[in-house]
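One structure below.
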């Protein structure tokens, strides 16, 4: 069909995008490159580098008490 598709990653709490691939850099199975003003980090990584994703940025929903 002639369409170039890329994937992204997001959550409802991150309005909605955290990261995405672009047409210059595609790595299948990756969550892509963080959006502008978004910081990501991985916590509790296992021997394969897989762990919990932590996200900080203006797109993350504020915590209500």
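Readers should treat all values here as calculations from the given coordinates under stated rules, not as data from a laboratory. Since we're looking at a predicted model, the values are computed, not measured. Heads up, the Cβs are rebuilt from the backbone with ideal geometry, glycines too, and the neighbour counts pull from every protein chain shown.
Give me the percent relative contact order of the chain, please, defined on Cα pairs under 8 angstrom at least 6 residues apart.
Reported relative contact order: 26 percent.
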Would you please put 39-50, 17-28 in order of how densely packed they are, using the mean number of other Cβ atoms within 10 angstrom per residue and starting with the highest?
-> 17-28, 39-50
